[in-house]
Each structure stands twice: as C-alpha cells, then as structure tokens.
Amino acid sequence: MKRKSDSGPSISNKRSLRSEEPDFSYKEHCLFCGNSDMYEGKKKEFELMHVRTLIIDGTLLGICDDRKDEWAEEIRRRILHARELHSSEAVNHTKCNSNFRTGRKIPKCFKDSTAIAKNLKFP
C-alpha cells in the first residue's frame, strides 16, 4: 500500500551553507595573518613559505596555550580545522611566523590588510 505524503505547507528555514561563503585557503593565505602574497613572490617580505615539518601542529598549539590571546585562538581554530598543516599544504609569511612564536603582534605590514582577510569565513 502506498502512503500519502503530507502535502501541507512547509516552513523553510533559510540556512547559509559554508560552500556559499568564501573559505580560508591554506594554500593561498598565511596561516597567521590570513593574507595572501600581494606581490606574487616578487618581494621577499610578503612571500609565502610552505609548512615543511610534520610536528608544527603540536608546536604551534603549545604556543597558543602559552599566548592565550585572540590571535592565538584564531590560529588554534585554523590548526584544528586543518588537522595536519603539512598535508593541507599550508603556507605562512616568515615574519608572521616569527612574530607569533616570539609573542609579538601581527606585523604592521600585514595588520592593515588583516581586516580584509578577516572577511574570509572560517568554520
């Protein structure tokens, strides 16, 4: 026997999908500041370097625990979402990496454009 389906009015909940929002790309955006290479490798200071070690995830999570600031929490979310930075082909600016590891803030040259990078939706 066939069952009749309820053909009553349906209430549709409008949800936004992650696929509809611009995503953070580990291959194109610095893990630390979220900016891309504005000069496409022509200026060393802005060049993006690939993550080269397998143990960087644990090391950076330890630094996040020590820092306990907003920037550290953002980096923690990115690391945990990627699961493995090396296999995600993550990149970073050398200066951002150095500043993060030594307890300093986002470099000034990237801070102005970080507001633009924050518009990238990150789960």
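When region 80-100 is filtered for residues that are in contact (Cβ under 8 Å) with a residue 40 or more places away in the chain, closer than 17 Å to Met49 by Cβ and in a helix (DSSP H, G or I), the ones remaining, listed by number, are Ala82, Thr94, Lys95, Cys96, Asn97, Asn99, Phe100.
For region 52-73, a residue qualifies if it is surrounded by fewer than 18 Cβ atoms within 10 Å (Cβ to Cβ) and not hydrophobic (A, V, I, L, M, F, W, C), and the qualifying residues are Arg52, Thr53, Gly58, Thr59, Gly62, Asp65, Asp66, Arg67, Lys68, Asp69, Glu70, Glu73. Restricting attention to region 1-58, the residues that are of a type in the set (Phe, Trp, Tyr) and at pLDDT 85 or above total 2.
Among the numbered conditions (1) within 17 Å of the chain's Cα centre (by Cα); (2) on the phi > 0 side of the Ramachandran plot; (3) modelled with pLDDT of 85 or more, the only one that Gly103 does not meet is (1).
The values are calculated or read from the model by the stated rules, or taken from the named source; none is laboratory data. Quick caveat, the model's predicted, so the values are computed rather than measured. Positions of Cβ are generated from backbone atoms using ideal geometry, with glycine treated the same way; all protein chains shown enter the neighbour counts.
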